[in-house]
Amino acid sequence: MSRSPRHNRLRQWALVIGVFLLACSAGGWMIWNAQQDQLRHDRARASELANDQAQALQRGIDRSLSASYALAALVRRARGSVPDFAALGTEMLPFYPGIAALGLSPAGIVKDVVPLAGNEKLIGFNQLGNAAQAFESSKARDSGKLTLAGPLDLVQGGLGVVGRLPIFLTNSQGGSTFWGFSFVTLRFPQALEAANLGLINARGYAYELWRKVPESGKRQSIDSSNAQMLTDPVNAVLELPNGQWTLSVSPLGRLECHA
């Protein structure tokens, strides 16, 4: 029995529609797959940027903080008295670019600082007695390790971080006695210049550098650009004395990628 012309036309239309839907489905899948490939590429690039800039920042901060060890060696060698500190400290400064202040605080009270100009307010400051800095100062003394405090409002003005290294001298009984701190102050935004974080934004990515405050556990934003647009960011962690900083990066104007 032959099929009617109408039936044949319906069959042809069904075949055309089926082919069209299949082509649309295949095209949609190809577009989606291409988008996912682009997202994976963007995230891989974000991860590379985050790690590169985080490592650059960590190297810069570590180099600056290492000055505190040189100061501590001077104190131990002089058995607690460094009468020519101003001259020695001034000679050291060019080797540690980015340092805003370099100093000594016997018993936690700042006695010597270079450069003195701009840091006059530091003289006599009690690092262990100040409400804003006592927690991290005490932690440095009690742990016997270098700690990095901040970002915080600096006594001399502005925002920055302070690295403190506790110094212990051998007493007459052969034990160790807490002498005080050598300290290094880094001011923002100069402390972040080594990382060139603006490069991240210039290449089409949002970022935020942040940490958790040791005393409260609250999140503190240190620096950011388009942080409100961070979507499922990749994170690079900086291991610093007394804690971690995290650099979060994600592509600007992209959707989340689920690999």
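Read-outs: derived from the displayed coordinates by stated rules, not from any lab. Please read these numbers as outputs of a predicted model, since none were measured by experiment. Backbone-built Cβ (ideal geometry, glycine too); neighbour counts: all protein chains shown.
Here the extension length gained between Ser143 and Ser66 equals 26.0 nm, from 0.36 nm per residue of separation less the Cα-Cα distance.
If R₀ is 25 angstrom, what is the calculated FRET efficiency for the pair Phe178 and Leu116, using the beta carbon separation as r and rounding to 0.05? It comes to 0.45. Full extension of the segment from Ala107 to Ser221, taken as 0.36 nm per residue of separation minus the current Cα-Cα distance, would add 37.9 nm.
With the crude spin-label approximation of a point 7 Å out along Cα→Cβ, what separation in nm comes out for Asn201 versus Arg59? Simple spin-label model gives 2.4 nm for this pair. With Cα atoms defining each centre, the range 218-245 and the range 141-196 are spaced 22 Å apart in the structure.
With a Förster radius of 30 Å applied to the C-beta separation of Ala86 and Val237, the computed FRET efficiency comes to 0.20.
With R₀ fixed at 45 Å, the C-beta to C-beta distance from Asn51 to Thr170 puts the FRET efficiency at about 0.60.
Sort the range 78-226 into rounded, prolate or oblate with this rule: let a ≥ b ≥ c be the square roots of the eigenvalues of the Cα gyration tensor; rounded if a/c is under 1.5, and if a/c is not under 1.5, prolate when a/b is larger than b/c, oblate otherwise. Spell out each step's value before the answer.
Values: a/c = 2.30, a/b = 1.62, b/c = 1.42.
Note, shape of the range 78-226 comes out prolate.
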